Amino acid sequence: MARIRFENVEKKYANGFHAVKDLNLEIRDKEFLVLLGPSGCGKSTTLNMIAGLEEVSDGSLLFDDELVNYMPPHKRDVAMVFQSYALYPHKSVYDNIAFGLQMRRAPREETDRRVRDAARKLEIEHLLDRRPSQLSGGQRQRVALGRAMVREPAVFLMDEPLSNLDAALRISMRAEIKELHQEMQTTFVYVTHDQAEALTLADRIVVMRDGVVQQIGSPGDIYERPRNTFVASFLGNPPINYIEGQIKVTDDQMVRFVQGELELNFPAETAAKLADCDGLTVLLGIRAEDVEEGSHGGAGAVLTGKVNSVLPVGSDLFLGFELFGNELFFRVGKDIGHASGDEVSLTVDLNRLHVFDKDSGASLIW
Amino acid sequence: MRHLFGYEERSAALFLAPVMLVLMGVAVFPIFYSLYISFFRIKLTRPNRTPFVGLDNYTDLFTNELFWVSVVRTVTFSVVSVTAIAVIALLISLLLNQNFRGRRVLSTILLVPWAIPYVANALMWKWIYDSGYGALNGVLYQLDFIDKYMIWLGDQDKTIFLIANAFVWKEVPLAAILLLVSLKSIPSDLYQAARVDGAGVWQRFIHVTLPAMKPGFMLVMIYETMMAIRHFDLFFILTEGGPGDASHVLSWHIYVETFRNLSFGSGAAMSYVLALVTFALSYVFIRTLGRRI
Ligand SMILES: Nc1ncnc2c1ncn2[C@@H]1O[C@H](COP(=O)(O)OP(=O)(O)O)[C@@H](O)[C@H]1O
Ligand SMILES: [Mg+2]
């Protein structure tokens, strides 16, 4: 059992830097929670507070309703995987994995059994006598995982564990980490700046920026219903497109987005939320994949513009597209037959539009 | 025709040539020349008779009683000095690796002895230890530790340790900096990982700090041992090997043989023995301490 609760938690470093601001978060038992945000936003700081490596400056941190603000790391029943792996360079792989158990004076046979168990699961049995310096990045990664696994902790903490691996390995390790979570049945808190990683792994994602939580929700929620432009921009590849324009509420209660010659009518559900925004300057957000080639009509609106660039990315194409002076990026099927300079029509799914207040960046349809 | 070496190599050789020539003259040539003369009986008091004597200069050494005394003195001096240097430098480097107010000032002050030339250091300690107006006498007298001024360097039992003390004072800064560098190179994640793994302060020191310091430690041991074994300036300036033979170390023995007895052949032989011993010791250090780094 391990629930973790942050109540109005603040973190100020000794030099006065305010790294985490008014954090309120409940991490559920056996949940896979991902802390997501750009570098320097306070993810590691938050994780280190859970580990007990950094002190909480203000507020309460609770494990299962017990206040742990001042509890040292080794009493917290947490294990951690570091970005650099932090393997003890002069110890063998075996001793690296066994170290946590040895420090806790676990019986020798028990330690040995657990180390070999973990090594077998991670397929590093043949490496047990090696030193970390004799291992590849992927193998070191596994040793770091093994070191955390054998402790059978109540909370498993990982700080960007995959960011030092090459792309292919990163993707296969994602699957293994997900499996590990299912097998271990413990609470996982995972830090990353990689939105794709967060979307695949998380039960819930916490998006942070400059020490402030922006949004907490399931991957689907965060992706489909971003609370503000920061969250919307941070997730998705290529990133979401914005068009700046005005909301116009017509006499017959139609709600319309207007930018010069471009006019779009919002569907009823969206329109209802924007009813009193007449004249407001907004950013219209269109996700790169929310368009289809051609002019099918239906719920869609047809945009006609000029192709600026075509970037094949394997399965898909990234299409640079110019529309009334806006440079937009879309993701379309690769069999689209256009080249730069062509005139194309794209149908945009009006139900999937995002609308943000230009000044605050907050979503107007949340 | 294509050259064996490329343009870069050839111009590098050209630029290096002057230095290499000078080194040949002042280093390489003396090394071989001293080996050569160590096989002759060369005494400047009889400059015209310099017979070839083979290994006699070497074998004579081992029957010379004073030579063996000097070996004992050298070993005592080196063991005491190097041990003290290693321990004190370790403590200082651990201290300087902490974050505290005034750390920078302290590190700067620490470096002062390092900047002082050996001879100046020796002269300074000659003053400190002086029996008439020395600072050591002054301080101890005023603090009532002694009731009359002492002739410190005149005491056979203390001399070698007092000289070792002066040597340690001079050598500790460099050793501490070398150890501090290896301390600084330890990533902080390792300590964090060890804390999460449940290691206390002492266990973190044993399992993270000490192993990481091993290369630095080895460097300090080898370097300081070599410095101690061959050290000359302090013995020359403070005691001239005395009182009696209390500080008659090997380097002093070689000096006396070569430049006072003007016996160049056997002096060269002794120098070779000293060089070989130094070399052998470093080898032993590397083999024992250097294992499994
Ligand atoms: N020990 C420290 N002292 C002062 N500032 C720190 C310290 N550690 C981190 N910071 C600052 O706090 C902010 C958040 O850091 P961190 O939590 O490591 O970010 P990230 O989200 O990249 O993991 C950064 O701006 C960083 O510079
Ligand atoms: Mg980080």
Worksheet item: Given (1) in the same structural domain as B:M270 (by TED's automatic domain parsing); (2) surrounded by fewer than 12 Cβ atoms within 10 Å (Cβ to Cβ), where does B:K43 come up short, assuming only one miss?
Response: (2)
Item to complete: Test each condition in (1) crowded, with 16+ Cβ neighbours inside 10 Å; (2) under 30 Å from the mean Cα position of the chain (by Cα); (3) assigned to a strand (DSSP E or B) for A:E244 and report the one that comes out false.
Response: (1)
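Here is a yes/no grid of residues against (1) under 24 Å from B:W114 (Cα atoms); (2) acidic (D, E); (3) in the same structural domain as B:S70 (by TED's automatic domain parsing):
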site	(1), (2), (3)
B:R204	no, no, yes
B:T209	no, no, yes
B:M213	yes, no, yes
B:V220	yes, no, yes
B:M227	yes, no, yes
B:D233	yes, yes, yes
Worksheet entry | Unmet requirement for A:P161, which otherwise passes all of (1) surrounded by fewer than 19 Cβ atoms within 10 Å (Cβ to Cβ); (2) within 14 Å of chain B (Cβ to nearest Cβ); (3) outside any helix (DSSP H, G or I); (4) in contact with a helix residue (DSSP H, G or I) (Cβ under 8 Å, 6 or more places away or on another chain) | (1)
Worksheet item: Is it true that A:L199 is within 25 Å of A:Q259 (Cβ to Cβ), under 11 Å from the mean Cα position of the chain (by Cα) and not basic (K, R)?
Response: no
Discussion item. Looking at segment A:75-87, can you tell me whether even one residue there is closer than 27 Å to A:R105 by Cβ, within 16 Å of ligand 2 (Cβ to nearest atom) and hydroxyl-bearing (S, T, Y)?
Written reply: yes
Response to the item:
Picked from segment A:88-116 (must be in a loop (DSSP other than H, G, I, E, B) and within 8 Å of chain B (Cβ to nearest Cβ)), the residue farthest from A:D194 (Cα to Cα) is A:R104
Discussion item. For segment A:187-200, check the following and say yes or no: at least one residue is part of a loop (DSSP other than H, G, I, E, B), within 16 Å of ligand 2 (Cβ to nearest atom) and at pLDDT 90 or above.
Written reply: yes
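The rows are residues; the columns are (1) charged (D, E, K, R); (2) surrounded by fewer than 18 Cβ atoms within 10 Å (Cβ to Cβ); (3) within 30 Å of B:D157 (Cβ to Cβ).
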{"site": "B:R73", "(1), (2), (3)": "yes, no, yes"}
{"site": "B:V87", "(1), (2), (3)": "no, yes, yes"}
{"site": "B:L95", "(1), (2), (3)": "no, yes, no"}
{"site": "B:N99", "(1), (2), (3)": "no, yes, no"}
{"site": "B:G102", "(1), (2), (3)": "no, yes, no"}
{"site": "B:L106", "(1), (2), (3)": "no, yes, no"}
{"site": "B:I116", "(1), (2), (3)": "no, yes, yes"}
{"site": "B:A122", "(1), (2), (3)": "no, no, yes"}
{"site": "B:W125", "(1), (2), (3)": "no, no, yes"}
Discussion item. Looking at A:I97 and the list (1) surrounded by fewer than 24 Cβ atoms within 10 Å (Cβ to Cβ); (2) away from ligand 2 (no atom under 16 Å from the Cβ), which single condition is not satisfied?
Written reply: (1)
Worksheet item: Looking at A:D77, A:D58, which is the one that is touching a strand residue (DSSP E or B) at 6+ places or on another chain (Cβ under 8 Å) and within 14 Å of chain B (Cβ to nearest Cβ)?
Response: A:D77
Worksheet item: Is it true that A:V34 is at pLDDT 95 or above, away from chain B (no Cβ under 11 Å) and either in contact with a helix residue (DSSP H, G or I) (Cβ under 9 Å, 6 or more places away or on another chain) or away from ligand 1 (no atom under 16 Å from the Cβ) (or both)?
Response: yes
Response to the item:
Looking across segment A:62-87 at residues that are out of contact with any helix residue (DSSP H, G or I) (no Cβ under 6 Å at 6 or more places or on another chain) and assigned to a strand (DSSP E or B), the single one that is surrounded by the most Cβ atoms within 10 Å (Cβ to Cβ) is A:F63
Fill in: Residue tally, condition over 16 Å from B:L66 (Cα atoms) and without any contact (Cβ under 8 Å) to a residue 24 or more places away in the chain, over segment B:224-267
2
Worksheet entry | Residue count for segment A:175-196, restricted to those that are crowded, with 18+ Cβ neighbours inside 10 Å and more than 16 Å from ligand 1 (Cβ to nearest atom) | 6
Worksheet item: Do you know which residues across segment A:37-55 are under 28 Å from A:A175 (Cβ atoms) and either of a type in the set (D, E, K, R) or within 14 Å of chain B (Cβ to nearest Cβ) (or both)?
Response: A:K43, A:S44, A:L47, A:N48, A:I50, A:A51
Item to complete: Within segment A:320-339, count every residue that is at pLDDT 85 or above and either of a type in the set (A, V, I, L, M) or more than 27 Å from A:N265 (Cβ to Cβ) (or both).
Response: 1
Worksheet item: For segment B:179-293, which helices (runs of 4 or more DSSP H) that fit wholly inside it have 2 or more residues that are within 30 Å of B:S131 (Cβ to Cβ)?
Response: B:210-230, B:250-255
Discussion item. Six or more apart or on different chains, Cβ atoms under 7 Å: show the pairs whose first residue is in segment A:42-65 and in the same structural domain as A:D29 (by TED's automatic domain parsing) and of a type outside the set (A, V, I, L, M, F, W, C) and whose second is assigned to a loop (DSSP other than H, G, I, E, B) and within 16 Å of ligand 2 (Cβ to nearest atom).
Written reply: A:G42/A:G211; A:K43/A:G37; A:T45/A:E54; A:N48/A:E54
Worksheet, complete the sentence: Scanning segment B:134-146 for residues that are in contact with a helix residue (DSSP H, G or I) (Cβ under 8 Å, 6 or more places away or on another chain) and surrounded by fewer than 18 Cβ atoms within 10 Å (Cβ to Cβ), the one nearest to B:D233 (Cα to Cα) turns out to be B:A135
Practice prompt. Could you run through segment A:123-163 and say how many residues are touching a residue at least 24 places away in the same chain (Cβ under 8 Å), more than 16 Å from ligand 2 (Cβ to nearest atom) and closer than 19 Å to A:E183 by Cα?
Written response: 15
Response to the item:
Sole miss for A:N15 among (1) in a loop (DSSP other than H, G, I, E, B); (2) within 12 Å of ligand 1 (Cβ to nearest atom); (3) surrounded by 13 or more Cβ atoms within 10 Å (Cβ to Cβ) is condition (3)
Worksheet entry | A:R170 assigned by TED's automatic domain parsing to the domain that holds A:E123 and in contact with a Leu (Cβ under 7 Å, 6 or more places away or on another chain) | yes
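The values are calculated or read from the model by the stated rules, or taken from the named source; none is laboratory data. As the structure is a computational prediction, the values presented were derived from the model and not from experiment. Cβ sites come from the backbone with ideal geometry, for glycine too, and all protein chains shown count toward neighbours.
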